[in-house]
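Below is one structure, written out as structure tokens; the observations come after it.
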Amino acid sequence: MSASRSVPDIAALRLRNGQIPVSAVLRRPRLLTTEVLAGMVTTLALIPEVISFSLISGVGPDVALVSSVVLAVVMSFIGGRPAMVSAAAGSVALVLAPMVHAHGTAYVLPTVLLTGVIQIAFGAAGLARLVRYIPRSVMIGFVNALGVLIFVAQVQHIVNVPWQVYPLFAVTILIVVFLPRLTKAVPAPLVAIVLVTAAAFVFGLNVPTVGDEGSVSGGLPGLTAWTVPFDLHTLRIVAPTAFAAALVGLLESLLTAKLVDELTDSRSSKARESLGLGVANILAGLWGGVAGCAMIGQTVVNVQIGRARTRVSTLVAGLFLLLLVAVLSPVMAAIPMAALAAVMMVVALRTIDWHSVRPATLRRMPVSETLVMLVTVGVVVATNNLATGVGVGVLLALVLFARRITRVVKVSRDVSVDGTVARYRVHGPLFFASSNDLVDQFSYADDPPRVVIDLSGSHVWDASSVAALDAVETKYAALDAVVELTGLNENSRAFHGRLTGSLNAP
């Protein structure tokens with residue numbers, strides 16, 4: 001067999017949706033090794049963020065880590081996007097925190113269970129498809145803001161720390177950046193973290209470690225106990241938080257799935273992702289205690305740095321995290337935070353779409369697109385909430401789009417040679433925003449008794465447009481002029497025929 005044949009042809013393995021089947025990976029040792037090592041690196045990148053955000057939500061680090069195990073393993077089997085990492089995420093923790101502080105951790109379980117039910121209903125109703133309507137400028141802002149948040153979150157680990165942190169940080173950066181130029185057989189972050197941890201142990205360096213972030217004492221909990229009344233009062237407490245957590249988790253997961261689709265040139269099932277996330281959150285609540293969603297930064301680590309493409313990587317990530325929590329917690333606690341911070345800073349810089357902020361790109365892009373991207377980034381960074389930033393970005397994009405499309409309808413006028421007929425040609429789609437000024441585009445007093453409005457270059461989309469056309473006919477009727485509508489396509493003619501004369505147009 002030739003050397004060229006010894007390397008698996010990835011393109012030939014892809015299914016119709018662009019994904020690589022797990023069965024193909026299991027039959028190819030090199031691909032399986034890549035997936036396993038990627039999962040291990042992802043686990044190490046996952047730990048500090050899960051621990052830090054557990055403190056925000058008010059639950060213990062052990063609870064958040066075990067919940068992350070459940071989420072990662074379950075989503076590996078039933079999620080809609082292979083290679084996407086789900087765990088106890090910061091965005092959901094921020095939503096849960098106010099309720100936990102006001103009512104206590106006892107209400108976390110009913111909140112998480114209701115969150116899962118809402119997400120399952122969302123997926124079953126097919127609402128996950130709405131993510132396709134998020135504009136590209138918002139997606140770019142989302143990705144750039146993610147990079148900024150990841151980078152900023154690591155700064156605390158390299159400021160006001162012992163001087164020994166900085167050599168460890170520098171060594172990690174050098175390994176992560178330059179080792180891939182020599183070999184990609186083993187992920188550079190994994191090599192860096194292992195070597196730096198070993199160096200800190202051998203030389204007895206007193207530097208901040210994962211164990212300093214929170215308790216990782218080990219051991220596994222049993223089923224989470226229900227300790228609050230099962231009544232409407234409890235529902236009133238948990239429902240608002242559960243609804244918000246469900247939407248935030250879904251939005252972050254679906255946006256991450258869309259990002260991974262682009263990174264891997266493949267397609268995912270957004271409905272399955274929504275259903276799977278709901279089931280995973282219910283199981284995480286029952287055995288663990290806290291909800292989660294896709295971890296965007298760690299997914300980038302898995303896909304871009306680890307080069308993972310299948311569910312094997314995320315299953316390994318969940319099982320390796322389980323091993324660390326249950327058996328190797330002393331080893332996990334000894335990992336220097338400098339090493340993890342360095343890895344995540346490199347990930348942050350690689351996540352940002354630098355092409356989108358180059359002066360040449362900004363000069364070519366419409367001002368409205370750039371404004372939406374910058375506002376999305378600004379809101380995300382200011383609120384530390386990706387979902388809020390995306391929501392504001394989408395609303396701003398809608399407002400700017402509505403403002404733009406009010407000018408897309410053009411009306412031209414000409415009069416027949418004998419002066420008996422005025423013909424108007426309407427170009428552009430007619431709907432509530434564009435048809436508002438349609439009535440003012442006609443010269444009622446100057447036109448002859450017969451007026452023809454040619455709509456062959458247009459389409460009637462809604463009742464507002466029908467009402468506008470009725471208003472035009474009414475104004476001409478007051479002047480004893482007859483209006484003839486021509487050129488309506490089949491759908492527009494049927495829609496107009498059903499509503500005309502019944503909308504009380506002035």
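Restricting region 355-403 to residues that are among the charged types (D, E, K, R) and at pLDDT 85 or above leaves a set whose member that is nearest to residue 135 (Cα to Cα) is 369. Residue count for region 106-142, restricted to those that are open to solvent by 40 Å² or more (accessible area, probe 1.4 Å), at pLDDT below 85 and closer than 18 Å to residue 244 by Cα: 2.
Scanning region 315-334 for residues being open to solvent by less than 10 Å² (accessible area, probe 1.4 Å) and either within 28 Å of residue 142 (Cβ to Cβ) or not in a helix (DSSP H, G or I) (or both) gives a total of 3. Meeting the requirement of 1 or more residues that are open to solvent by 30 Å² or more (accessible area, probe 1.4 Å) and either among the aromatic types (Phe, Trp, Tyr) or in contact (Cβ under 8 Å) with a residue 60 or more places away in the chain (or both), the helices (runs of 4 or more DSSP H) wholly within region 347-421 are 367-383, 386-405. When residues in region 460-499 are screened for being over 38 Å from the mean Cα position of the chain (by Cα), outside any helix (DSSP H, G or I) and surrounded by 16 or more Cβ atoms within 10 Å (Cβ to Cβ), 4 of them pass. Of the residues making up region 249-287, those that are buried (at least 24 other Cβ atoms within 10 Å of the Cβ), of a type in the set (A, V, I, L, M) and more than 10 Å from residue 81 (Cα to Cα) are 250, 277, 280, 284.
Quick check on region 441-459. Is at least one of its residues modelled with pLDDT of 90 or more, closer than 27 Å to residue 401 by Cβ, open to solvent by 30 Å² or more (accessible area, probe 1.4 Å) and in contact with a Pro (Cβ under 6 Å, 6 or more places away or on another chain)? Yes. The set of residues from region 148-202 being part of a loop (DSSP other than H, G, I, E, B), over 31 Å from the mean Cα position of the chain (by Cα) and free of Cβ contacts under 8 Å to residues at least 12 places away in the same chain comprises 160, 163, 183. For the condition under 25 Å from residue 108 (Cβ atoms) and at pLDDT below 90, residue 324 qualifies.
The values are calculated or read from the model by the stated rules, or taken from the named source; none is laboratory data. This one's a predicted model, so the numbers in the text were calculated from it and none came from an experiment. Neighbour counts run over all protein chains shown; Cβ positions are idealised from the backbone, glycine included. Calculation scope for accessible area: heavy atoms of the full protein, side chains included, ligands and nucleic acids excluded. Shrake-Rupley method; radii C 1.70, N 1.55, O 1.52, S 1.80 Å.
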